[in-house]
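Reading through the structure tokens given below for one structure.
Coordinate-derived values only; no laboratory data. This is a predicted model, so every value here is computed, not measured. Note that each Cβ is placed from the backbone with ideal geometry, even for glycine, and that neighbours are counted across all protein chains shown.
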Amino acid sequence: MFNKPELNLFDWWIVQAKPKAESRVIRELGYQGFSTYCPMYRKENLSGQKIKIKNTPLFPCYVFILANQHAKNNIHVIRSTYGVSKLLKVGEVPNTISNEIIYTLKNIEDKNMSVVDSYFKKGDLIKISHGLYKGLRALYEMDDGIGRAVVLLNILNKQVPLGLKVNQLQKI
């Protein structure tokens with residue numbers, strides 16, 4: 001949950017979530033009336049034989065909680081929430097992030113949600129895992145459309161471009 005008007009009033013606390021539990025922490029804290037924020041970006045992930053686009057936390061294992069009056073009155077509930085590892089503190093005082101930083105992160109996130117961080121990057125060394133060229137190594141050159149890529153095979157000391165399905169490639 002992210003409410004711009006509240007940004008002018010309160011700072012944010014930092015919760016450390018258990019690994020890969022950010023969405024659960026957000027959901028569980030939301031059920032308890034807390035306002036949360038976890039900056040995300042879009043990233044390609046290899047899942048089985050397919051590359052899927054997935055929203056990924058910008059800061060893995062961290063979620064921000066609006067330090068409003070509800071949070072201050074119910075601080076004891078945060079640590080016992082499913083998926084929460086701890087509330088980051090200095091002594092007994094929760095660490096804070098200014099509302100300006102959160103607002104800036106949210107604006108950057110909004111502007112960049114259409115951008116996807118590619119699984120394969122130009123120059124990555126890859127191995128062809130299926131098909132006629134199975135077992136050969138190549139350099140990833142570029143995406144060539146939906147589900148296809150151009151790789152460079154080194155044949156007789158010459159870089160030869162080859163178009164393949166992305167699901168035929170593995171990072172080395």
**Asked** Most mobile of Leu136, Leu88, Leu66 per a Gaussian network model of the chain (Cα springs, under 10 Å)?
**Response** Leu136
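About the Cα centre of segment 125-171, what is the dipole size in debye to 20, counting +1 per Lys and Arg Cβ and -1 per Asp and Glu Cβ, all else neutral?
200 debye
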**Complete:** Given a Förster distance of 30 Å, the FRET efficiency implied by the Cβ-Cβ spacing of Lys54 and Glu92, rounded to the nearest 0.05, works out to 0.20
**Item:** Long-range HN-HN contacts of Leu169 with modeled amide H, under 5 Å
**Value:** Ser129
**Message:** Could you give each residue of segment 71-82 its phi-based ³J(HN,Hα) in whole Hz, using Karplus coefficients 6.51, -1.76, 1.60 with θ = phi - 60°, and x for Gly or Pro?
**Reply:** 5, 5, 6, 10, 4, 5, 7, 4, 5, 8, 6, 3
**Prompt:** What does a probe at Leu162 reach in segment 117-135, counting residues whose amide N is under 15 Å from the point 7 Å along Cα→Cβ?
**Reply:** 125-135
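Share of Cα-Cα pairs in segment 125-171 beyond 16 Å, in percent? Display every interim value, and only then the final one.
Values: 275 of 1081 pairs.
Roughly 25 percent, once rounded to a whole number.
Helix-derived [θ] at 222 nm for the chain: sum -39500 (n - 2.57) over DSSP H runs of at least 4, divide by residue count, nearest 500? List each step's numbers first, then the result.
Working: 5 runs with 37 residues, N = 172.
Helix contribution divided over all residues of the chain: -5500 deg cm²/dmol.
Return a whole-number percent for the relative contact order of segment 15-172, with Cα pairs under 8 Å and 6 or more residues apart as the contact set.
Values: 257 pairs, mean separation 33.0, N = 158.
So the answer I get is 21 percent.
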**Fill in**
For the chain, longest principal axis from Cα atoms; helix 22-31 axis from its Cα atoms; angle between them, nearest 10 degrees, is 30 degrees
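Using R₀ = 30 Å, calculate the FRET efficiency as 1/(1 + (r/R₀)^6) where r is the Cβ-Cβ separation of Tyr133 and Lys20; round to 0.05. Write out the running numbers ahead of the final one.
Values: r = 34 Å, r/R0 = 1.15.
Plugging the Cβ-Cβ distance into 1/(1 + (r/R0)^6) gives 0.30.
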**Complete:** When Val151, Val93 are ranked with the fewest other C-beta atoms within 10 Å first, the list becomes Val93, Val151
**Message:** Taking every pair of distinct Cα atoms and averaging 1/r, then inverting, what Kirkwood hydrodynamic radius in Å comes out for the chain?
**Reply:** 18.8 Å
**Request:** Please report Thr36, Thr96 as a ranked list, fewest other C-beta atoms within 10 angstrom at the top and most at the bottom.
**Result:** Thr96, Thr36
**Prompt:** From the residues Val77, Thr56, Val150, which one has its Cα farthest along the dipole of segment 15-172 in the positive direction, the dipole being from +1 and -1 charges on Cβ of Lys/Arg and Asp/Glu about the Cα centre?
**Reply:** Val150
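Going by C-beta contacts inside 10 Å, put Phe59, Phe10, Phe64 in order with the fewest on the left.
Values: Phe59 14, Phe10 19, Phe64 23.
So the residues, fewest neighbours to most, are Phe59, Phe10, Phe64.
Using only Cα atoms, what Kirkwood radius does segment 40-138 have, in angstroms?
On the way: mean 1/r = 0.0572 Å⁻¹.
Computed over Cα pairs of segment 40-138, the Kirkwood hydrodynamic radius comes out at 17.5 Å.
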